[in-house]
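J.: Here's a structure for you.
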């Protein structure tokens with residue numbers, strides 16, 4: 001939830017996550033999107049050390065399949081204050097050559 005406390009981050013988001021209950025609802029919505037095959041959310045985590053596990057998310061990306069045109073999608077992302085300026089939002093998206101339905105496994 002730390003990323004959602006950042007004023008610069010909050011300025012651009014549609015969803016407000018202020019409490020643990022908000023965070024739990026956000027996770028339920030993300031799981032429902034995967035189950036329905038319409039929204040696929042991914043967290044970018046930084047490893048805290050060799051064999052030490054991972055810290056909190058430093059970025060997030062979501063792929064939203066659109067209902068208008070087959071094979072089209074909308075991409076949304078954010079980077080936390082700790083993730084900004086590190087090139088996390090640059091690069092090639094994994095579905096850029098295959099299309100979103102091939103990458104997510106969704107028939108849409």
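J.: Taking R0 as 25 Å, what's the FRET efficiency between residue 64 and residue 28 from their Cβ-Cβ distance, rounded to 0.05?
T.: Once rounded, the FRET efficiency stands at 0.90.
J.: Put a dot 7 Å past each Cα toward the Cβ at residue 89 and residue 74; how far apart are the dots in nm?
T.: 1.7
J.: Quick one: if you stick a label point 7 Å off each Cα along the C-beta vector at residue 13 and residue 48, how many nm between them?
T.: Result: 2.1 nm between the two label points.
J.: What's the whole-number percent of alpha carbon pairs in segment 1-66 lying beyond 15 angstrom?
T.: Across segment 1-66, Cα pairs with separations above 15 Å total 62 percent.
Throughout, read-outs are computed from the coordinates displayed, never taken from laboratory work. Keep in mind that this is a model prediction, so the values were computed, not measured. Don't worry about glycine lacking a Cβ; one is built from the backbone with ideal geometry, like all the others, and counts go over all protein chains shown.
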